[in-house]
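Have a look at the structure below before the remarks.
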Amino acid sequence: MSRPTNLVPLLNVADVGMSIEFYEELGFEVKQKIEADGALVWADLEHAGGGTLMLNAKDIIAPGERAARAHYSDTVFYLTYPSAREMHGRLSGRGMDVTEVEKQPYGIEEFYVRDPDGYEIAIGSPLV
């Protein structure tokens, strides 16, 4: 059985830069940032004591489009695996409602599934 290699909270926030400043005060350091059209839209933070956190700009798509999407609500639990495609096959083979695996510009293949309470789980793996 494939096991996750990491669990990273992904928080959709109003202002990625302001959130970075806040979390830096708590001992987090920026590992990676992504900008789109001159705006900071995503950041990966790491805490010196262990643990990571991702921040995502929640308003980079129109509210109506966001509401229509099957993923990206307020909080997403992000699991990394050696192969997102392998996990996708396993979960879809068990009848779970999963999104398609998509290649992301930040070097990850990922898909989404919801737990029984409706929480979003993103599953990703590095592109090779």
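For the range 79-112, the set of residues classified as assigned to a strand (DSSP E or B), out of contact with any His (no Cβ under 9 Å at 6 or more places or on another chain) and either aliphatic (A, V, I, L, M) or farther than 15 Å from LEU127 by Cβ (or both) consists of LEU79, ILE108, listed by residue number. Give the range 78-111 a look and list any residue that's within 19 Å of THR52 (Cβ to Cβ) and not acidic (Asp, Glu), or say none. Correct list: TYR78, LEU79, THR80, TYR81, PRO82, ALA84, GLN104, TYR106, GLY107, ILE108. Go through the range 1-10 residue by residue and tally those that are part of a strand (DSSP E or B), among the hydrophobic types (A, V, I, L, M, F, W, C) and either exposed (fewer than 13 other Cβ atoms within 10 Å of the Cβ) or in contact with a Lys or Arg (Cβ under 9 Å, 6 or more places away or on another chain) (or both). Count: 1. Candidates in the range 39-54 are the residues that are surrounded by fewer than 16 Cβ atoms within 10 Å (Cβ to Cβ) and among the hydrophobic types (A, V, I, L, M, F, W, C); of these, the one that is nearest to PRO105 (Cα to Cα) is ALA39. Taking the range 16-38 as the range and being of a type outside the set (Phe, Trp, Tyr), surrounded by 13 or more Cβ atoms within 10 Å (Cβ to Cβ) and without any contact (Cβ under 8 Å) to a residue 40 or more places away in the chain as the test, the residues that pass are GLY17, SER19, ILE20, VAL30, LYS33.
Taking the criterion of being of a type in the set (Val, Ile, Thr), modelled with pLDDT of 90 or more and under 16 Å from LEU7 (Cβ atoms), the only residue of the range 90-128 that qualifies is ILE108. Based on what the data block shows, is ALA68 over 28 Å from ARG3 (Cβ atoms), among the hydrophobic types (A, V, I, L, M, F, W, C) and modelled with pLDDT under 90? So ALA68 fits the description; yes. In this structure, VAL76 does not qualify as at pLDDT 85 or above, in contact with a strand residue (DSSP E or B) (Cβ under 7 Å, 6 or more places away or on another chain), assigned to a strand (DSSP E or B) and among the β-branched types (Val, Ile, Thr).
The values are calculated or read from the model by the stated rules, or taken from the named source; none is laboratory data. This structure is a prediction, so every number in the text was calculated from the model and none was measured. A quick note on method: Cβ atoms are made from the backbone with ideal geometry, for glycine too, and the neighbour counts reach across all protein chains shown.
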